[in-house]
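Only the coordinates and a few stated rules stand behind these numbers; no lab work does. Since this is a predicted model, take the numbers as computed values, not measurements. Cβ sites come from the backbone with ideal geometry, for glycine too, and all protein chains shown count toward neighbours.
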Amino acid sequence: MALTIVNRTRADTVVCARTEVADNPWRRLRGLLGRASLASGDGMLFRGESSIHSAFMRFQFDAIFMDRELRVVGVAEQIPAWRVRSARGARNVLELAAGEISRTGVQVGDQLAEVR
């Protein structure tokens with residue numbers, strides 16, 4: 001089931017309209033690998049993670065790092081292949097199409113929420 005992620009700090013702006021949840025070991029391991037791109041409005045949420053990598057990725061993407069309560073503790077934009085990113089205090093990571101952080105205005109300190 002896909003979730004929608006909204007930004008409560010910014011008048012419930014939709015951050016990710018179609019959020020897949022990497023909720024088992026296989027989905028967490030695979031992540032976005034094997035895809036040629038990620039459409040605007042699509043993303044993947046990794047629960048319980050503080051870092052990500054872009055090994056073998058075929059496209060750039062953005063990442064939002066959140067704590068347990070989904071408060072933004074870090075952002076990384078336009079991550080190219082073969083990089084690692086993390087944020088202190090992160091416990092959830094949302095991967096989005098490149099440019100989505102800028103488009104939606106997400107900033108460190110914002111409170112995000114899941115909407116079903």
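Yes/no per residue for (1) assigned to a strand (DSSP E or B); (2) under 15 Å from Ala2 (Cβ atoms); (3) not hydroxyl-bearing (Ser, Thr, Tyr):
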{"residue": "Met57", "(1), (2), (3)": "no, no, yes"}
{"residue": "Phe65", "(1), (2), (3)": "yes, no, yes"}
{"residue": "Trp82", "(1), (2), (3)": "no, no, yes"}
{"residue": "Ser102", "(1), (2), (3)": "no, no, no"}
Exercise for review: Considering each residue of region 64-91, count those that are touching a residue at least 40 places away in the same chain (Cβ under 8 Å) and buried (at least 16 other Cβ atoms within 10 Å of the Cβ), and give that number.
Suggested key: 7
Study note, to complete from the structure: Across (1) surrounded by fewer than 20 Cβ atoms within 10 Å (Cβ to Cβ); (2) closer than 16 Å to Leu3 by Cβ, Leu94 clears everything bar (1)
Practice item. Answer yes if at least one residue in region 84-91 is within 22 Å of Gln111 (Cβ to Cβ) and among the hydroxyl-bearing types (Ser, Thr, Tyr), and no otherwise. Key: yes
